[in-house]
1. Which pairs turn up if I take residues in segment 57-84 that are under 11 Å from residue 4 (Cα atoms) and outside any loop (DSSP other than H, G, I, E, B) and look for partners that are open to solvent by 100 Å² or more (accessible area, probe 1.4 Å) and at pLDDT below 75 with beta carbon separation below 9 Å, at least 6 apart in sequence or on another chain?
2. Those residues that are under 23 Å from residue 13 (Cα atoms) and either open to solvent by less than 50 Å² (accessible area, probe 1.4 Å) or in contact with a helix residue (DSSP H, G or I) (Cβ under 7 Å, 6 or more places away or on another chain) (or both), I need them from segment 41-60; list them, please.
3. Tally up the residues in segment 32-56 that are β-branched (Val, Ile, Thr) and part of a strand (DSSP E or B), please.
4. Suppose we filter 38, 63, 32 for residues that are modelled with pLDDT of 90 or more, open to solvent by 70 Å² or more (accessible area, probe 1.4 Å) and at negative phi; which single one remains?
5. How many of the residues in segment 1-27 are assigned to a strand (DSSP E or B), more than 9 Å from the chain's Cα centre (by Cα) and either within 16 Å of residue 42 (Cβ to Cβ) or basic (Lys, Arg) (or both)?
Amino acid sequence: MLVLVTYDVETQTDSGKRRLRKIAKKCEEYGVRVQNSVFECIVDSTQLRQLEFALEEIIDPDVDSLRYYRLGNNHDTKVRHIGAKPSIKVEDPLIF
């Protein structure tokens with residue numbers, strides 16, 4: 001299923017900046033960054049729960065936030081891209 005992971009991390013402190021980097025690195029293990037704090041991840045239910053658990057261990061829930069949008073398996077009709085940064089199909093292999 002396609003899951004959109006978005007986050008907002010307080011970066012006024014050094015610890016906040018570290019959390020921001022850790023969250024981005026963890027999300028990169030599961031998906032592709034499509035905007036600064038937005039990742040598209042193709043995961044199954046178990047992988048999603050693992051990602052949620054890992055991210056919830058990193059954030060400070062008093063000042064940071066996470067959002068998960070489950071777009072499902074038929075996500076092609078639910079995502080529309082306009083503008084810069086060409087869109088990629090996250091489930092296709094990346095060949096350079």
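1. 71/78; 72/78
2. 54, 55, 58, 59, 60
3. So the count comes out to 4.
4. It is 63.
5. The qualifying residues number 1.
The values are calculated or read from the model by the stated rules, or taken from the named source; none is laboratory data. Small disclaimer: the values here were computed from a predicted structure and weren't measured. Using ideal geometry, Cβ is built from the backbone for each residue, glycine included, and neighbour counts are taken over all protein chains shown. Each accessible area value is taken on the protein alone, full model and side chains, heavy atoms only, with ligands, DNA and RNA left out. Shrake-Rupley method; radii C 1.70, N 1.55, O 1.52, S 1.80 Å.
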